[in-house]
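Right, one structure below, let's go through it.
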Amino acid sequence: MKLDTAAASISRNASTDETYDFIVCGMGYAGAIMTARLAERNPDAKILAIEYGGHVQSKTGGGTTADSDIHWQADMFQKMGMIKKAEDGKYSKYDPEAPLTMPDVPGNYNNVAFRPMSMNGYSLPEFRACFQGIGLGGNSVYNGALYQEPANWFWDDDEVHKDIFLSAEQKSQGVKPSEVLKPYFDLVRKELKNAIKTTPSMDGIHYNHGLYDLVKPYLDKAGFDEIEYDHEKPGDYPTTGQMELAGDRFYTVPTVNAKEGLRTGASAWLEKIIDEDGQVRPEFPNVTIQTYTEVLKVNLGNENEVTGVDVLENPPGAKFGGRTTRKATQKTFSVTEGGKVIVCCNALPTNRILYRSGVGPEAVRSTVMPSSKMSFKVNNEGVGTTVNEHITTSLGFKFKGEDKPQPNTVHFGDSKDWVGHSEHLSNYARFRTGPFAQFGPVVASHFRADMSRCAKLMGAPVPGPNVDSSKLVKYDEGLDDGNVTTELFYNPFGAGPYPPSNNPGLNPYNGPGTYTVYVMLLRPESRSFFKLDEDDNAVYTTCYMNLGAAPAEKDREALNLPNYDEFAKKDIATMCASIHEVLEITKDAEDIEIVLGPGDKHTQGVTASKRMIANLDPTKIQDVYEYVTFYDKSEWYVNTVNGEYLAITRLEENHYHSTVPLARNLDVFGEDLGFRKDSYGLDPDTCEVKGTKGLCVVDASMFPKVVYCHPIGAVMALAEWAADKISPVEE
């Protein structure tokens, strides 16, 4: 099909040849790193990088390209900056007239993602249940940008990681996986260039600090160790991002990706190849970057070698940037013989592309992709059969005490409510200081769940065929191996929409004094299949303590899988023990009340098991179980407050892993693959999907199990590791 040159935003050097040596699909963290490394190491190779969305951040053309969108412009910041500069005539370190987009502003991330504007225009429409951000930088321009590095034990105490990252010689020499990966984490920190910090504001102040001060004495009393951050030297890389130095029961200020007051992350690598006008830098004449283009499938030849990709220019999900009237056009890009297609679209979209490319587990094809009437061209049992991610339950609280002077704390409310914040807007535009430079989460805490709390926990019977409904399931065995299990994530925003000032009672979960604690299982064991519906849209993944949702016995036997219901039971127990302990931390506080959780007195219309959440007893583990296992059956649009979804439990963190796991001799559960090892997951030596030639995957899909902290740092490090496998540096 002939290319409609008006159809897609293309940053490229003039070329009529649509055949490339490397095609990178997706320009998030992993895709940005892969494209930059390929460009640097292969000056004579033709490289095409494809992104579903467009230019988002100012450093890579988000504020200047023809396809940038007014919805992204931070007009109020620039306007107030110019007004204040004219009024006081003072020097401004940053030109308030310079292009600035909303995703550049750290303090505004809570009002960019997960709002109607973003859900309808800046995420993949095929993924209704979980936000999949699009645009240069991918999800990295929408999330909280937390940076954490797993402790060494996560890599070194696991036989699967040893099998993947160590050669036979390295094993014999006593080398540890953490030693193999350390240079890549070091490289990530080097490339981020002083952009991993606890105080993103350029004045070195941690803003929105009031919540930290409020909960500190209670965490101290509960035996949590405080990891202090350096107020005097905000540019220094703090230890708070390195879990190796943090212990297993601590709290601290989160470490985030920010540079000179702006969100960073993937942009650190994107800026190597793209200038502020969104064009490929002249030193890379061999690179083409095509935006507003969806990768539909990877094409495979007779010997399962990659031959190219089918794409859709101007896909329906890329609605903004003046693109709504442009025609969607399908076309094909080819790769040279021996070339590579590298899929970096995030775990779930990557899995979808593989299914549509004819790569997947043939034994359960009708289950995972019912639209396909033909056998998978490549039978790979590791694709889409072991999905897992972090699992979260939310608790809401409210401070009822007397207001205290808190000069570094601001509750923004609605993203369009700029009233009273003109000084903050101006300071951010001119100096990159103030609360708008601060990401929303202000306290992060890790601990090990006390499973003795669940000694007498008896839940409802497991649903499913051949179950004796008179027998209750005992939940006394959670994750109890001596390592950290749970994170507390304190956010100075309540749940649901901020109520208008003239009707504060409209949402009892949000408003002045409210905050949310997200209780996240760091090492959940729940797994699920990744499935598509008849229209090839993603189906809600049931890896969130979903009892009764395990694959059928015949499917488990065909794929040699354990019973996923048993994993869900362990996660339920770990979450119950965690929530039970968290509720105790502030239970004696006279000025703090629970507004979302067991016995919150507000949630009268939502039933957990047979009782309303408002009537549960937070001191009883059985009642905590009822709250933890509440399930709205993915009908999220029903459970709303003032038109906005109220998240309670089984929250999707969008930290998906293991859709195409690395594997050598062991599967993700540590079982010997035997004859199946050549048709399971990714080859650790090439990052190729086993059974194919030249089809590589580089993103969170690769991890055999969920990274036990926020995965951004590990994704970047693994992308650098994969770049050395796919395109080694010539010595």
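The values are calculated or read from the model by the stated rules, or taken from the named source; none is laboratory data. Here the structure is a predicted model, which means the values were calculated and not measured. As a convention, Cβ positions derive from the backbone with ideal geometry for all residues, glycine included, and neighbour counts pool all protein chains shown. SASA here: full protein model, heavy atoms, side chains in, ligands and nucleic acids out. Shrake-Rupley method; radii C 1.70, N 1.55, O 1.52, S 1.80 Å.
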Stretched fully, the stretch from residue 168 through residue 589 gains (0.36 nm per residue minus C-alpha distance, one decimal, in nm) 145.9 nm
Sorted by chain and number, the residues with a modelled amide H under 5 Å from that of residue 336, at a separation of 5 or more or across chains, are 20, 21
For residue 305, other-chain or 5+-apart residues with amide H closer than 5 Å (H placed, Pro excluded) are 693
Under 18 Å by backbone N from the virtual spin label 7 Å along Cα-to-Cβ at residue 187, the residues of the range 706-721 are 712-721
For residue 207, the accessible surface traced by a 1.4 Å probe with all protein chains present amounts, in square angstrom to the nearest 10, to 20
Sorted by chain and number, the residues with a modelled amide H under 5 Å from that of residue 666, at a separation of 5 or more or across chains, are 673
For the range 657-672, Karplus-derived ³J(HN,Hα) couplings (6.51, -1.76, 1.60; θ = phi - 60°; whole Hz; x for glycine and proline) come out as 9, 6, 7, 9, x, 4, 7, 10, 10, 10, 7, 5, 8, x, 8, 5
If the chain between residue 281 and residue 619 were fully extended at 0.36 nm per residue, the gain over the current Cα-Cα distance would be 115.7 nm
Whole-Hz Karplus couplings 3J(HN,Hα) for the range 246-260, θ = phi - 60° and coefficients 6.51, -1.76, 1.60, Gly and Pro as x, run 9, x, 10, 8, 8, 9, 6, 7, x, 8, 10, 9, 8, 9, 6
For the table 59/259; 59/272; 297/377; 340/373; 190/340, the rows whose alpha-carbon distance is greater than 18 Å are 340/373; 190/340
In nm, the gap between the two label points placed 7 Å beyond Cα toward Cβ at residue 328 and residue 310 is 1.3
